[in-house]
Amino acid sequence: MRNQGKIGVSIDWITIGLYLILVLMGWLFIYSARYDEVLEQGIFQLSGSDGNSFGYEAGKQFLWILLCFVLIGTILVIDFKFYYESAYIVYAVILFTFLAVLVFGTEVNGAKSWFDLGFVRLQPAEFGKFATALALARFISTKGPKYSFSFKDYCTVIAKFLGMSTQAIRLKVLWDELTAAGIVLLPAVLIVIQGDAGSALVYGGFIIVLYADGLPSFVPATILLSIAFFIFSLLFPLDMIFYGIGIGVVLLLFIIRKSIENIIGVILAGLFFALVVFGSDYFVNDILKQHQRTRITVLIGEEDRLVTQINEWRADYIAVRDSGHVAKSKVLKHELDSIRQCLYDLRGGAAYNINNSELAISYGGGWGQGYREGILTKGNHVPEQHTDFIFSTIGEEMGFFGSLLVVGLFVTFLFRIMYLAERQKSHFARIYGYSVAAIIFMHFLINIGMTIRLFPVIGIPLPFFSYGGSSLWSFTILLFIFLKLDMHRGQVLSR
Amino acid sequence: MNDKRKYIVRGFILVVAIVFLSRLFYLQVLNDDLKAKAQSKTVKSITTYPARGVIFERNGKEVIAGNKLVYDLTVVVKDAKKNPIQDTAKFYRLLGTTAEEYLKVYYTKTNDSLTRDYSPIIPMSLIEISPQRHASIIDKFHYSGFGFTSRTVRDYKYPILANAFGYLSKVDKQDMIRDEQGYYVEQDTIGKIGLERNYEKALRGQKGVRKVIKNARGIIKKSFMEGAQDTNAVAGYSLISSIDLDLQLLGEKLMKGKKGSIVAIDPKTGEILTIVSSPSYDPNDLVVNKNFSKNYSALRNDSTIPLFDRATMTRYPPGSTFKPLCALIGLQEGVISPTNLIYTGSCPNVGDHAAIGYYNVGRAIQSSSNCYFIQLFKRTVQQGKKEHWHDDAKYGLMKWRQHVVSFGLGSTLGSDISQENGGFVPDTNTYQRKWPGFKWNSETIRSLGIGQGEMGLTPLQMANMTVAIANKGYYITPHLIKAIVTPKGEYDRLEYKKHVTTIDSIHFQPVIDGMEAVVLNGTARLAQIPGIAVCGKTGTAENPHGDDHSLFVAFAPKDDPKIAVAVIVENSGYGSTWAAPIASLLIERHLTGEVKRENLVKHVLKYKNK
């Protein structure tokens, strides 16, 4: 307890202030999203007179917020060295719960990723984020910054493997990098196995951390380009993309300095992206389930395409039917019915949430319909509007002004955390701080992106806003461990 | 930490934020389509229907076409399924329906995939319940998910005036196309024919709109914008008709079982006092309810065509009732004078019942001398103004026709009865077409002079022609509605146009005298009413489809006409036998307020058409 005296002195009150604003706004909008004129629930009320607790999520969220203060107190009281010392243990324990949930967990919405404790349901995946951040920070800070293994080095490895180069390479560095990647990928893979692919996507945020810490630019560049090629594979015919890649490779071979590493690099890149395109197509059409596929295709105008096609096919069908081809018209009718079914499925499934969320946000206009006055919100038109789709409620009730406020708050918050991370002397705290920013950013990116039809529907919460204990606590723990480390930035943690 | 990368990461976050805000700005500030879509998704307009205006008899005291409440049984399928009905027999008994009938409606409404509106959680109308039944079962009818809603339909106290007033029905495609203001939506009712159609805009009132917010399940949550965009329904205007209810009831009674028509008009105002078309139907059978289609198709297929308004749509040859007008034309054209005598021994094959002798115009009318009027017609048409016989006849016919048309014949009168037929008065083209290249003359077309041949007048036109004679040269557009009453009680009297005929008023007296003589000691002595000077003219119209039609036109009293009547009883022979007593009874009822000649009533009631 020797650090107790310093808490008030050096904790970052600006971050705490921003944290409180976000949590408070979240609570108020959960109340608004769940408010019902028949129930007339109070914001602190936990259940109705008949014992029904459905609809009283705002009251529960208030409880979760109170519990957060207990968590915060605990985090701040624990010795700051503990987080460094026990990083691997925490990581191991959390990974163990990941495995345990696969055996003992409860299935919710198709994902076996919850522990049902009766009064509350916990999602271990939420807590994997800070554990992974701790473990990654410890690993990198122990090994030191050695990301000298560039794209060229990889090419050299291959050239050497093919017997075309004799340059020396440092395999130890490559091994360390792969270990770092493994620390991030292991929990992500387990989460995918749990059936919650959306949450796993968040772990992609660690790339930002590694990049900021010196990872060669070609890694994030490759990832961004892969995403671009993934989108191309949805929008354009595959052979056209393959020709494009081929032409690009040939052109680059003319431009670059002719060395064996460069030539291998260009050809490798070409093959890699061709593989990405091929893989994307295979992934979307053969691996994803129908409802998952439509989550993606709905973004690129699947609904309009189906409607147009139905109109064309109906015209064909009517023409054939009227001309008296009974057998042929039956076949056409069958095809028409099946494509109609696709449209109904789409409208009832992936398109439903996204269409209504978009409508609600649009209906907010410049200044919004007013708190608790959103008519789409009031009519519960957007499913999950108090959890994953809470931004649609804010958008409808506070309009563009509210959107600006929320986006602005998040950017400020992220910049503040990054600023704090950069003032750390300890490499561990710096990496951890960046991880906090990266994870929150990924949630912000995917969640808001999905409510405004820029991202597929991926069910992850908006940090501090979305209803739910697990998510609120995990972000609070994530943040306050960092604030605790920040309080002790004067004391060198390791090395 | 690498300084450059610090900024690249921050830049990346800013780019994401800017992309998000641009998208949000587009959605929230620039895009209006989505807002409209959002509103149509959540805001439901509930239409409130005003009570339709009612139609009064001429004094505005008694309602002829009123409104009544009917109830619809409604069901919320989800709730009904939760607690299935135990005693279904009792359920059907209370509703006065059968399992078969009920289940047919139920399954059609819940299973039809075309009924997009179907929802298991919204009340849905099933079957109609009369107010009496509703009142008697409301205390006993407790079934989960079931309830009642009310609406108004037309209600008629008397089974009269069905064709003149017309009926309402659901709007069809044609109505929707004609509806330029876009007032009607599917399932709305509209006046299809008769007064209901003609005065649709006044009668229907103005629908009201209540905007409500509904939730994703279609359940209404609250009013939209605290009702700022709501409008109240405005009740329809009521109409004061010109119908004399007692006279109408008498007319309908006398025509029961007969085919034909009665039209009685007040000559001074053009108000139609009575309009009967027989056979007809009970207007209560054609109110918009569950029986509408069934009843309608039954009436459509009835061989006596009860849906056809004979009073305004059938063209009858006027026969001898046309003779007074021919006499007036002769006098106006100067081809005869009141004292001129014409010898009637010179007409072979005209079926003349009048004795051969020398007739002046009054006596000719009194005895309905066919020979006199054929000679008069030839004189009128063949005035020798043109060299060739044929050209002269053509010129004369058009001149004759001009006078006829001025009595409102040959084209619609412009009454407020929507289905009015214009009748037919031949012109030169008629005969050019009938006998191409043939040089016809007045002899060829002589039957026009006794109201036969190609002539066709509706009963309304015959009555109106009688009005013009009674008024000595003018008539006012005949009409059924004399005033419109706003919901606030303002009385708006409608103005109708006065039409002057081409006959100078001095020529009427001898003709009217002749018509009086018809009743006093001519062909229509059955029409005499003690103490009242009735002027009339019988007609027996030859009819290619069967027995002759019995016709009678009359007005009374002679010096101050208060009523003009035309009566047609189809296929019943001489005009004096049936049509004249009917007209006489109506005149008596109208002028004295009662019918004293019960025997005559009994006599008239005896005759029934096959």
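Is it the case that region B:597-606 has a residue that's part of a helix (DSSP H, G or I), of a type in the set (D, E, K, R) and farther than 19 Å from B:Asp246 by Cα? Within region B:597-606, one or more residues are part of a helix (DSSP H, G or I), of a type in the set (D, E, K, R) and farther than 19 Å from B:Asp246 by Cα. Within the span defined as region B:280-287, one or more residues are in contact (Cβ under 8 Å) with a residue 24 or more places away in the chain and of a type in the set (A, V, I, L, M). Restrict the check to region A:217-225 and report whether at least one residue is more than 26 Å from B:Asp3 (Cβ to Cβ) and either within 11 Å of chain B (Cβ to nearest Cβ) or out of contact with any Pro (no Cβ under 8 Å at 6 or more places or on another chain) (or both). Checked against the condition, which is being more than 26 Å from B:Asp3 (Cβ to Cβ) and either within 11 Å of chain B (Cβ to nearest Cβ) or out of contact with any Pro (no Cβ under 8 Å at 6 or more places or on another chain) (or both), region A:217-225 yields no hits at all. Comparison of A:Thr476, A:Thr451 shows that the only residue that is within 30 Å of A:Val298 (Cα to Cα), within 18 Å of the chain's Cα centre (by Cα) and open to solvent by less than 20 Å² (accessible area, probe 1.4 Å) is A:Thr451. Of the helices (runs of 4 or more DSSP H) entirely within region A:2-92, those holding at least 3 residues that are modelled with pLDDT of 85 or more occupy A:13-34, A:57-77, A:81-85.
Highlighted here are the helices (runs of 4 or more DSSP H) found entirely within region B:27-124 that include at least 1 residues which are surrounded by 12 or more Cβ atoms within 10 Å (Cβ to Cβ), more than 14 Å from chain A (Cβ to nearest Cβ) and acidic (Asp, Glu): B:77-82, B:99-111. The sole residue among A:His386, A:His381 that is buried (at least 24 other Cβ atoms within 10 Å of the Cβ), facing chain B (nearest Cβ under 10 Å) and either touching a residue at least 24 places away in the same chain (Cβ under 8 Å) or not acidic (Asp, Glu) (or both) is A:His381.
Taken across region B:463-483, residues that are touching a Gly at 6+ places or on another chain (Cβ under 9 Å), among the β-branched types (Val, Ile, Thr) and surrounded by fewer than 23 Cβ atoms within 10 Å (Cβ to Cβ) do occur, with at least one present. Test each condition in (1) within 14 Å of chain A (Cβ to nearest Cβ); (2) over 30 Å from A:Tyr363 (Cβ atoms) for B:Lys211 and report the one that comes out false. Looking at each condition in turn, B:Lys211 falls short on (2). Looking for something of a type outside the set (Val, Ile, Thr), in a loop (DSSP other than H, G, I, E, B) and farther than 30 Å from B:Asn599 by Cβ - is there at least one such residue anywhere in region B:526-542? Yes, there is a match, as at least one residue in region B:526-542 is of a type outside the set (Val, Ile, Thr), in a loop (DSSP other than H, G, I, E, B) and farther than 30 Å from B:Asn599 by Cβ. Within region B:556-573, being open to solvent by 50 Å² or more (accessible area, probe 1.4 Å) and in contact (Cβ under 8 Å) with a residue 40 or more places away in the chain holds for one residue alone: B:Lys562.
Scanning region B:245-272 for residues that are part of a loop (DSSP other than H, G, I, E, B) and among the small types (Gly, Ala, Ser), we see that the one that is farthest from B:Leu494 (Cα to Cα) is B:Gly257. Taking the criterion of being modelled with pLDDT of 90 or more and in contact with an Asp or Glu (Cβ under 7 Å, 6 or more places away or on another chain), the only residue of region B:19-55 that qualifies is B:Leu27. Taken over region A:454-467, the criterion of being more than 13 Å from chain B (Cβ to nearest Cβ) and either open to solvent by less than 10 Å² (accessible area, probe 1.4 Å) or of a type outside the set (A, V, I, L, M, F, W, C) (or both) is satisfied by A:Pro456, A:Gly459, A:Ile460, A:Pro461, A:Pro463, A:Phe464, A:Phe465, A:Ser466, A:Tyr467. All conditions but one from (1) open to solvent by less than 10 Å² (accessible area, probe 1.4 Å); (2) closer than 30 Å to B:Leu585 by Cα apply to B:Asp266; the one that does not is (1). Here is the figure for region A:322-332: residues that are open to solvent by 70 Å² or more (accessible area, probe 1.4 Å) and assigned to a helix (DSSP H, G or I) total 7. Filtered by the rule that a residue be among the hydroxyl-bearing types (Ser, Thr, Tyr) and farther than 21 Å from A:Glu302 by Cα, region A:226-256 gives A:Ser226, A:Tyr243. Taking the conditions (1) more than 10 Å from every other protein chain (Cβ to nearest Cβ); (2) open to solvent by 10 Å² or more (accessible area, probe 1.4 Å); (3) among the acidic types (Asp, Glu) in turn, A:Glu358 satisfies each one other than (1).
Of everything in region B:1-13 that's open to solvent by 60 Å² or more (accessible area, probe 1.4 Å) and more than 7 Å from chain A (Cβ to nearest Cβ), which residue is nearest to A:Gly449 (Cα to Cα)? So the residue we want is B:Phe12.
Only a single item in (1) within 14 Å of chain B (Cβ to nearest Cβ); (2) in a helix (DSSP H, G or I); (3) modelled with pLDDT under 95 is not met by A:Ser470, and it is number (1). Restricting attention to region A:216-230 and to residues that are touching a residue at least 24 places away in the same chain (Cβ under 8 Å) and within 21 Å of the chain's Cα centre (by Cα), the residue that is surrounded by the most Cβ atoms within 10 Å (Cβ to Cβ) turns out to be A:Phe229. Looking at the structure I just gave you, is B:Pro131 loosely packed, with under 14 Cβ neighbours inside 10 Å and touching a strand residue (DSSP E or B) at 6+ places or on another chain (Cβ under 9 Å)? So B:Pro131 passes the test. The residues listed here are B:Tyr199, B:Tyr237; of these, the one that is touching a Leu at 6+ places or on another chain (Cβ under 8 Å), touching a residue at least 40 places away in the same chain (Cβ under 8 Å), open to solvent by 70 Å² or more (accessible area, probe 1.4 Å) and away from chain A (no Cβ under 14 Å) is B:Tyr237. Here is the figure for region B:486-514: residues that are in a loop (DSSP other than H, G, I, E, B) and among the aliphatic types (A, V, I, L, M) total 2. In region A:266-321, the qualifying residues are those that are surrounded by fewer than 16 Cβ atoms within 10 Å (Cβ to Cβ) and basic (Lys, Arg), and the one that is farthest from A:Gly348 (Cα to Cα) is A:Arg321. The residue list A:Ala421, A:Ala429, A:Ala437 contains one member that is part of a helix (DSSP H, G or I) and modelled with pLDDT of 95 or more, which is A:Ala437. Taking only region A:409-433 into account, find how many residues are farther than 27 Å from A:Gly128 by Cβ and facing another protein chain (nearest Cβ under 8 Å). Residues in region A:409-433 being farther than 27 Å from A:Gly128 by Cβ and facing another protein chain (nearest Cβ under 8 Å): 0 in total. Within region A:363-377, being within 18 Å of B:Phe224 (Cβ to Cβ), in contact (Cβ under 8 Å) with a residue 24 or more places away in the chain and facing chain B (nearest Cβ under 9 Å) holds for A:Tyr363, A:Gly364, A:Gly365, A:Gly368.
Residues that are open to solvent by 10 Å² or more (accessible area, probe 1.4 Å) and out of contact with any helix residue (DSSP H, G or I) (no Cβ under 9 Å at 6 or more places or on another chain) number at least 2 in the following helices (runs of 4 or more DSSP H) confined to region B:273-374: B:292-301.
The values are calculated or read from the model by the stated rules, or taken from the named source; none is laboratory data. Note that the structure is predicted; figures quoted are calculated from it, not measured. Please note: Cβ atoms are built from the backbone with ideal geometry, for glycine as well, and neighbour counts cover all protein chains shown. For accessibility, only protein heavy atoms count, side chains too; no ligands or nucleic acids. Shrake-Rupley method; radii C 1.70, N 1.55, O 1.52, S 1.80 Å.
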